[in-house]
Amino acid sequence: MKDRIISLARELENRDSDGSGFDAVSEITTILAAIPDRTAFLNALLCTARRCFLSNHEAILSYHHPTKRWFVEASQDLRADALEEILGLSHTVLERTRDSAASVLVPDTHSDDLTKESRSVRLYNIQSVLTAPIHVNSEMWGL
């Protein structure tokens, strides 16, 4: 699995160098944003992410601007305590994704400076993290 993630990271880096970035993620979220029911949209997005990225656990997070806090809107295969830890784990990753409005891929969380000190990485033995902004009508509302 780690080799697959590293391969994906290299592919995405190559795409970034030619300006195409995470086009698949943008395309997927644009298509899914057309689904009228929010619950159906979120579930479809999680299923699509699992198939596209071969992930084991997925969550959709939203940022509440007035309180400056992240919250979990939907998830698959994550316990309640793990959901809370996600918010702690990736504050740096989440903030980087939000501030740059670009996807962030950490193929090896145990060696990457962004995540290696994270309590959640150690506690849940998280191997890799991929975040991607979700845009609706040209506005980012979640990851």
- Cα→Cβ-extended label distance, 7 Å offset, between Ala102 and Asn125, nm: 3.3
- Item | Rounded D (µm²/s) - the range 86-143, Kirkwood Rh over Cα pairs, Stokes-Einstein at 37 °C, 0.692 mPa s | 282
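Values in this text are rule-based calculations from the coordinates and carry no lab data. Since this is a predicted model, take the numbers as computed values, not measurements. Here the Cβ is made from the backbone with ideal geometry for all residues, glycine too, and neighbour counts use every protein chain on show.
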